[in-house]
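Each reported figure results from applying straightforward, stated rules to the coordinates on display, with no laboratory input. Nothing here was measured: the structure is a model prediction, and the numbers come from that model. Ideal geometry is used to build each Cβ from the backbone, glycine not excepted, and the neighbour counts take in all protein chains shown.
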Amino acid sequence: MKGFMIESSKSTPEVTFDPDNHFIYIKGQSYPENAYKFYEPLFQWVDHYFEELKNEFNVTINFELSYINTSSSKCLMMLLDKFEEAHCAGKSLTLNWYCDLENESEVECAEEFLEDLTLPKYILQRVD
């Protein structure tokens, strides 16, 4: 399976999906004009990746999002649901959400996104 990468722009995050190293990374700000259009290829790649992934591999997912608008939030919840479904199906995943731990609103945002997930997840200090 081929990797997937999108370079960041002013309104969209950098996305790196590396199937060889079982690594997913989303970093930056997310406020595209059409969030679903931006995130749809990510959904498709993730679906395909988890269909092919053997259970013995651990997937590391890193989020480092400093700003997320409402429509992006909905798409990120859909993406997190896909990760949760894969975890419930026996896939081994660890999700790290990097943020400024001194920024209360940023930490609360991360906590809200992660609160209903059963997969291993951590809120960690972003290193700028």
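Beyond 25 Å between alpha-carbons counts as too far, so tell me which of LYS37/LYS91; LYS74/LYS121; LYS54/LYS74; LYS10/LYS91; LYS37/LYS121; LYS10/LYS74 fall in that bin.
Details: LYS37/LYS91 27 Å; LYS74/LYS121 19 Å; LYS54/LYS74 28 Å; LYS10/LYS91 34 Å; LYS37/LYS121 27 Å; LYS10/LYS74 20 Å.
From LYS37/LYS91; LYS74/LYS121; LYS54/LYS74; LYS10/LYS91; LYS37/LYS121; LYS10/LYS74, over 25 Å: LYS37/LYS91; LYS54/LYS74; LYS10/LYS91; LYS37/LYS121.
With a cut-off of 8 Å between alpha carbons and a minimum separation of six or more residues, what is the relative contact order of the range 1-80 in percent?
Computed over the range 1-80, the figure is 31 percent.
Take the Cβ atoms of HIS48 and LYS10, set R0 to 22 Å, and the FRET efficiency comes out at 0.15.
Loop-resident GluC sites (Glu not before Pro) (DSSP state other than H, G, I, E or B) in the range 90-128 with no more than 15 further Cβ atoms inside 10 Å of their Cβ: GLU102, GLU115. Assuming a ≥ b ≥ c are the square roots of the Cα gyration tensor eigenvalues, decide whether the range 26-128 counts as rounded (a/c under 1.5), prolate (otherwise, with a/b larger than b/c) or oblate. Since a/c reaches 1.5 but b/c is at least a/b, the shape of the range 26-128 is classed as oblate.
If the label point is 7 Å along Cα→Cβ of SER73, which residues in the range 104-128 have backbone nitrogen under 18 Å from it? Under cut-off, by backbone N: 104-117.
Taking only C-alpha pairs under 8 Å that are 6+ residues apart, what is the relative contact order of the range 26-71 in percent? The partial results should precede the final answer.
Values: 27 pairs, mean separation 36.1, N = 46.
Computed value for the range 26-71: 79 percent relative contact order.
Once C-alpha pairs closer than 8 Å and six or more residues apart are averaged by separation and normalised to the residue number of the range 1-43, the relative contact order reads 29 percent.
A crude spin-label estimate for the pair TYR122 and CYS88, with each label 7 Å from Cα along the Cβ direction, gives 2.6 nm. Quick one: Cα centre-to-centre distance for the range 84-109 and the range 111-128, in angstrom? Computed from Cα coordinates, the inter-centre distance equals 3 Å. Extension gain for ASN21 to GLU108 (0.36 nm times residue separation, less C-alpha to C-alpha distance): 28.3 nm.
FRET efficiency for the pair ASN34 and GLU56, taken as 1/(1 + (r/R0)^6) with r the Cβ-Cβ distance and R0 = 41 Å, rounds to 0.60.
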